[in-house]
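The values are calculated or read from the model by the stated rules, or taken from the named source; none is laboratory data. In this text the structure is predicted, and so the values were computed from the model without any measurement. Here the Cβ positions follow ideal geometry from the backbone for every residue, glycine too, while neighbour counts run over all protein chains shown.
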Amino acid sequence: MKRYFAEAVEFWLLFLIFLSPVYSFAQETMEQVLLFERTTINVGTLSEDDAPAMYHFKYHNVSKEPVYFSKLTTSCGCTVVKCDKKMVQPGEEGEIILVFHPADQAGDLYREAFVYTNLSEKMPIAKLVLIGKVLPSADQWKGYPVYMGSTLRLKRKDWQVRILSREGKQVERFVCVNTGKQPLKLSALMLPAYIHFHTEPEILLSETEADMILTIDRDMLPQKDEIIFHFILDGISVRPSERRIQVKLLFK
């Protein structure tokens, strides 16, 4: 019994001795091919209002073989990864660039990018990291990106409405905000006969939201599968082309 136990121990020792160089070689291959100057960059403190920023990770191919980049991925759609070349010759240098878009990313920043090469499709050769902090936007109305002059902002200028039937009236609301210092009173020009427009409240106070309301008289709608019309908002001091809204009526 002792002899069998000793033989088993000897077998496993020999197996581990054989495996160890293989593991070490694989580990060395993954770590010693591309040598990065750094794999983490502290971007400091950014704002959601800042423009996208680029961060450069420089590397050096310290192996004796060319390296091919097969895939570059990131942990978030707010970060885009680029490389300056697809193949890196032995001894050659290059860089991988991360472009971070801070819009809508307020909070602590930790974003990763993974670099895959011809050495392995499953295991990345490097993980590149951006850390830092993103402050909230100073624009309290950033959810209204469409400007009509300097006072009125909308979520969008092209509105889509699904018509539920061809009888009776249908009411649709579209939110806006008066970002100016003076109240506004809006009306609409060039409306088709089957559309009525008003706002709630009737007077848009400074720095407040309101509803622009379309009332659709469905009995008067043309017999079409889709209707598109435009109207001009009145009550703001900008060119007509800047206060033009498109409405598309879709029938189920």
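Listed values, structure above:
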| item | result |
| --- | --- |
| Pairs with Cβ under 7 Å, 6+ apart, first in the range 197-216 and of a type in the set (D, E, K, R), second part of a loop (DSSP other than H, G, I, E, B) | GLU202/LYS185; GLU207/THR179 |
| Test: residue in the range 119-136 that is of a type in the set (S, T, N, Q), in contact (Cβ under 8 Å) with a residue 40 or more places away in the chain and surrounded by 15 or more Cβ atoms within 10 Å (Cβ to Cβ) | no |
| Flag for PHE15 being of a type in the set (Phe, Trp, Tyr), modelled with pLDDT of 90 or more and either outside any strand (DSSP E or B) or buried (at least 16 other Cβ atoms within 10 Å of the Cβ) (or both) | no |
| Residues located in the range 135-170, provided they are within 19 Å of ILE232 (Cα to Cα), out of contact with any helix residue (DSSP H, G or I) (no Cβ under 6 Å at 6 or more places or on another chain), assigned to a strand (DSSP E or B) and not acidic (Asp, Glu) | VAL146, TYR147, LEU152, ARG153, LEU154, TRP159, GLN160, VAL161 |
| Selection within the range 209-250 - more than 31 Å from the chain's Cα centre (by Cα) and either small (Gly, Ala, Ser) or not assigned by TED's automatic domain parsing to the domain that holds SER150 (or both) | GLY235, SER237 |
| Residues of the range 233-252 that turn out to be polar (S, T, N, Q) and under 26 Å from ILE163 (Cβ atoms), as a count | 1 |
